[in-house]
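A.B. asks: Structure incoming, see below.
What follows draws every value from the coordinates through simple rules; no lab data is involved. Being a predicted model, the structure only gives us computed values, none of them experimental. Cβ: placed from backbone, ideal geometry, glycine included. Neighbour counts: every protein chain shown.
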Amino acid sequence: VAEAGRRPMEALAREYAAELMGALKRRATRRAHANVLQHLLGCVSERLDAQDRQELVGLIERYRQGIVPLVAPLTLLEHHLRRHRVPYLERQHYLNPYPEALGLRNVL
């Protein structure tokens, strides 16, 4: 995409679509989700006290180990985001990618 002005749009679109489809073929793992959660935590970490931060770190690790479902650390993270507004995180689709009623966050 960074080469949009330097390459023919049709070729760029084909390459972009191929790369996107390749990325979508890879199934998200607990390790990958835990990594994303740690990055999100980093964006709100300085606004949390030590106890809240440690609770979230521990919950992310328990998720990574398969002890709790993904919805557990997400719920706590969203709780902190409601209390400590972080505009960058509020725009992230990762936190709410599809309707809650589908229950898809309970799968991994």
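A.B. asks: Per DSSP H run of n ≥ 4, the term is -39500 (n - 2.57); total these for the chain, divide by its residue number, and report the mean residue ellipticity at 222 nm rounded to 500 deg cm²/dmol. If you can, show how the numbers build up before the last one.
C.D. replies: Numbers: 5 runs with 64 residues, N = 108.
It comes out at -18500 deg cm²/dmol, rounded to the nearest 500.
A.B. asks: In the Gaussian network model of the chain, springs joining C-alpha atoms below 10 Å, which of 59, 41, 24 carries the largest mean-square fluctuation?
C.D. replies: Judging by the Gaussian network model, the answer is 24.
A.B. asks: Could you point to the label whose value was computed as Rg and Dmax of the Cα atoms in Å for the structure here, given [x] 17.2, 53; [y] 17.0, 45; [z] 13.6, 39?
C.D. replies: [x]
A.B. asks: How far apart, in nm, are two points set 7 Å out from the Cα along the Cα-to-Cβ line at residue 49 and at residue 93?
C.D. replies: According to this spin-label approximation, the distance is 3.8 nm.
A.B. asks: Also, quick follow-up: Pairing the Cα long axis of helix 50-64 with the longest principal axis of the chain, what angle in degrees results, from 0 to 90 and rounded to the nearest 10?
C.D. replies: Helix 50-64 and the main axis of the chain meet at about 60 degrees.
A.B. asks: Related question: Does anyone have the angle between helix 30-44 and the longest principal axis of the chain? Alpha-carbon axes, 0 to 90°, nearest 10?
C.D. replies: 70
A.B. asks: Here's something else I'd like to know. Quick check on region 12-51: take the gyration tensor over C-alpha atoms, sort the square-rooted eigenvalues as a ≥ b ≥ c, and tell me if it's rounded (a/c under 1.5), prolate or oblate. Write out the running numbers ahead of the final one.
C.D. replies: Details: a/c = 8.57, a/b = 2.47, b/c = 3.47.
Cα axes put region 12-51 in the oblate bin.
A.B. asks: Give me Rg/Rg_expected for region 58-108, where Rg uses Cα atoms only and Rg_expected = 2.2 N^0.38 Å with N residues. Write out the running numbers ahead of the final one.
C.D. replies: Numbers: Rg = 11.5 Å, N = 51, 2.2 N^0.38 = 9.8 Å.
Computed over Cα atoms of region 58-108, the ratio equals 1.18.
A.B. asks: Output the 0 to 90 degree angle, nearest 10, between the alpha-carbon long axis of helix 71-83 and the longest principal axis computed from the alpha carbons of the chain.
C.D. replies: 80
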